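*Asks:* Take this structure, written in structure tokens, and hold onto it; I'll ask about it next.
The values are calculated or read from the model by the stated rules, or taken from the named source; none is laboratory data. This is a predicted model, so every value here is computed, not measured. No Cβ is skipped: glycine too gets one built from the backbone with ideal geometry, and neighbour counts run over all protein chains shown.
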């Protein structure tokens, strides 16, 4: 029993280290891609072609002075970024490990629980700063995240009806002969757009609308607090890319092609940021409730009908 727990702990520590390294180079990729979109070079001074830039940024952020607003609710203000990063790393437990390290039957439910808890960290970070701008940014982020979580949950439920399991390993087994994206392409596009909204990325970055809210819910954070919020956001982007590949693109985690697919989906997040203008807030909500919700419900009923048909007539 002790050996199993120790092995699980070691695996999780290794996972955290690799996710953090992945996040570091994802930020470098973003700055490089945005640089070429803007017809400039991006980071190219620190190390060979700027490859050490993320580590330089991390040292700069964590060693600069930490400021605390005098009227802030100190404990909530201090722990919100830490809890946010913890949740972003915790959801990596649902990665479909075929060796059976931490793969478990209710993985998708665990993912939904963790993403729902992530809303509270943003809300608490905005409220505890005791700044009107931060509070407004936090409220907008909460409304946006809750709206798009409905679509995400319904899409996942559609696949649960079809596959009959919450375990992501079953998604891989279901897609051995054909990827899911080929017969659920509209659903894949809705999922990708909802992921953009869920991770507060352009064109849905209303939680951090610089032109309207200074910097949104994290406006009062500096140094390490800001770095932790930043790391949590990019860890979520990597995880959403991994989940997209698992659900729609085969999910063969043991294969090298899986990581190329994951890198491509992460690149799409950056590409969208470089090309799309920010939505208007009412249009964002209209898209969620009048566009994505009916489509998700239709697919849910469609997959439910297929699963009932298979159960009644073919089994």
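*Asks:* Please specify each residue of segment 161-173 satisfying the condition of being under 20 Å from the mean Cα position of the chain (by Cα) and either outside any helix (DSSP H, G or I) or surrounded by fewer than 18 Cβ atoms within 10 Å (Cβ to Cβ) (or both).
*Replies:* Matches in segment 161-173: 166, 167.
*Asks:* Can you name the number of the only condition in (1) part of a loop (DSSP other than H, G, I, E, B); (2) free of Cβ contacts under 8 Å to residues at least 12 places away in the same chain; (3) out of contact with any helix residue (DSSP H, G or I) (no Cβ under 8 Å at 6 or more places or on another chain) that residue 113 fails?
*Replies:* Here residue 113 clears every test but (1).
*Asks:* A further question on this structure: Here are 150, 160, 169: which of them is out of contact with any helix residue (DSSP H, G or I) (no Cβ under 7 Å at 6 or more places or on another chain), modelled with pLDDT under 90 and under 30 Å from residue 305 (Cα atoms)?
*Replies:* 169
*Asks:* Still on this structure: Look at residue 118 and say whether it is in a helix (DSSP H, G or I) and modelled with pLDDT under 85. Talk me through it step by step, then tell me what you get.
*Replies:* On the way: in a helix (DSSP H, G or I): yes; modelled with pLDDT under 85: no.
So residue 118 does not fit the description; no.
*Asks:* With the checklist (1) modelled with pLDDT of 85 or more; (2) surrounded by fewer than 13 Cβ atoms within 10 Å (Cβ to Cβ); (3) more than 30 Å from residue 123 (Cβ to Cβ) in hand, flag the one item residue 53 doesn't pass.
*Replies:* Here residue 53 meets the rest and fails (2).
*Asks:* Got at least one residue in segment 119-141 being without any contact (Cβ under 8 Å) to a residue 40 or more places away in the chain, farther than 19 Å from residue 218 by Cβ and in contact with a helix residue (DSSP H, G or I) (Cβ under 9 Å, 6 or more places away or on another chain)?
*Replies:* The answer is no; no qualifying residue exists.
This table checks each residue for (1) surrounded by fewer than 19 Cβ atoms within 10 Å (Cβ to Cβ); (2) under 25 Å from residue 24 (Cα atoms); (3) touching a residue at least 60 places away in the same chain (Cβ under 8 Å).
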| residue | (1), (2), (3) |
| --- | --- |
| 175 | no, no, yes |
| 183 | yes, no, no |
| 223 | yes, yes, yes |
| 237 | no, yes, yes |
| 240 | no, yes, no |
| 246 | no, yes, yes |
| 260 | yes, yes, no |
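*Asks:* Output the residues belonging to segment 27-50 that are surrounded by 14 or more Cβ atoms within 10 Å (Cβ to Cβ) and either in contact with a strand residue (DSSP E or B) (Cβ under 8 Å, 6 or more places away or on another chain) or at pLDDT 90 or above (or both).
*Replies:* Passing the criteria: 27, 28, 29, 30, 31, 32, 33, 34, 35, 37.
*Asks:* Could I ask something else about it? Of all residues being under 18 Å from residue 131 (Cβ atoms) and not in a loop (DSSP other than H, G, I, E, B) in segment 34-79, which is nearest to the chain's Cα centre (by Cα)? Just the residue, please.
*Replies:* Of the residues in segment 34-79, the ones under 18 Å from residue 131 (Cβ atoms) are 66-79.
This time we only want the ones that are not in a loop (DSSP other than H, G, I, E, B), so: 74-79.
On the way: 74: 27, 75: 26, 76: 23, 77: 22, 78: 22, 79: 20 Å.
Top of the filtered list is 79.
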